[in-house]
Amino acid sequence: MTKNLLVCLIFLLGTGIVSFAQKKPIKIEEERKSNRLFLNAVNENLIDYDIAIKVEGTGFRQRKGIPRKVRVPATSKVNLISLVIERGKEPNYTYTLDVTDSLSRRAIRKDYEKIKIEPKKAITIYLTEKCVTCDTIVNPLKRSPYKFQSYVVSENETVKSQLEKAFVGASVPLSEMKNPVITLDGKMYIHIQSYEDLLMRLEEEGDPVPIRE
C-alpha cells in the first residue's frame, strides 16, 4: 500500500504519527478486514481527546460529509473511519488529524479498546517469599494502564541469586522481606508498601532509598 508524505504527516512502517503539543502523539493504526480498511486512533496519554480525521486519496470509497470528531478516551484505541476498498485496486491515501483536549458533548462516542502504556519509568516487581504487601501493589497495577514485569523470586533461581548478592550486608535479608523488591528504570526500592507509594516513586526525581536503611 502506497502512502504519500505530507508536511503534517509521517508514515513509519505502516503507522502514521501526527505530532502536536502533548506528551505522546496520537498514532493511527491500519486494520484491514476483507474489503474494508479501518483507521484506528491510539491514545497513549492519560487524558481524553476529541479527534476528527480527513482522508484523501484513490482506490477506496468513504462516507461523504464533514468529518466529525470522535471521543478517544485515555489509554485506548478507537476506530475513526472505515474505508471501502474498490475492487481490484489498492488504496493510496493521506490523512490529516484535528485533535483537541477541549471535549465536546457533540463528539461521537464509539466502542473502544483499553490499552496498556509504558510508564514514566520501567517497572519490574520481584515478589518475595514472605511478602505481605505484594497484593496491595500488584492487583491495582494489573488494573492500571501501565505495563510492568513481575517475577516470583522463589521460582527463579537466577533472579534469586542476583537479588541475594544485592542484599549482602543488608539489615533485612531477602528471605525475610515483607515488601516486594521493585526496580524503576533499574533503580532498586525495598520500602514501597502500596500502589500509591509506587506512583509517587514513578514521579519523583533523584536516587532511591539505599537497601541498608
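The values are calculated or read from the model by the stated rules, or taken from the named source; none is laboratory data. These numbers come from a predicted model, not from an experiment. Glycine gets a Cβ as well: all are built from the backbone with ideal geometry, and neighbour counts include every protein chain shown.
Observations on the model:
For every residue, the table says whether it meets (1) under 10 Å from LEU97 (Cβ atoms); (2) in contact with a Leu (Cβ under 7 Å, 6 or more places away or on another chain); (3) surrounded by 14 or more Cβ atoms within 10 Å (Cβ to Cβ); (4) modelled with pLDDT of 95 or more.
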position	(1), (2), (3), (4)
CYS8	yes, no, no, no
LEU13	no, no, no, no
PHE20	yes, no, no, no
GLU30	no, yes, yes, yes
LEU37	no, yes, yes, yes
ASN45	no, no, yes, yes
ILE53	yes, yes, yes, yes
GLU56	no, no, no, yes
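- Taken over region 75-101, the criterion of being assigned to a loop (DSSP other than H, G, I, E, B) and more than 22 Å from the chain's Cα centre (by Cα) is satisfied by GLU86, ARG87, GLY88, LYS89, GLU90, PRO91.
- Restricting region 102-137 to residues that are of a type in the set (Asp, Glu) and in a loop (DSSP other than H, G, I, E, B), the residue that is farthest from GLU196 (Cα to Cα): ASP111
- Residue tally, condition part of a loop (DSSP other than H, G, I, E, B) and either surrounded by 10 or more Cβ atoms within 10 Å (Cβ to Cβ) or modelled with pLDDT of 95 or more (or both), over region 153-175: 5
- A Cβ distance below 6 Å, combined with a sequence gap of six or more or placement on separate chains, defines the contacts here; from region 117-133, residues that are aliphatic (A, V, I, L, M) reach residues that are loosely packed, with under 13 Cβ neighbours inside 10 Å and in a loop (DSSP other than H, G, I, E, B) in the pairs ALA122/ASP185.
- A residue that is crowded, with 17+ Cβ neighbours inside 10 Å and touching a residue at least 60 places away in the same chain (Cβ under 8 Å) occurs nowhere in region 103-113.
- Pair list, Cβ < 6 Å and 6+ apart or interchain, from region 41-54 residues that are in contact (Cβ under 8 Å) with a residue 60 or more places away in the chain to residues that are among the basic types (Lys, Arg) and assigned to a strand (DSSP E or B): VAL42/LYS27; VAL42/LYS77
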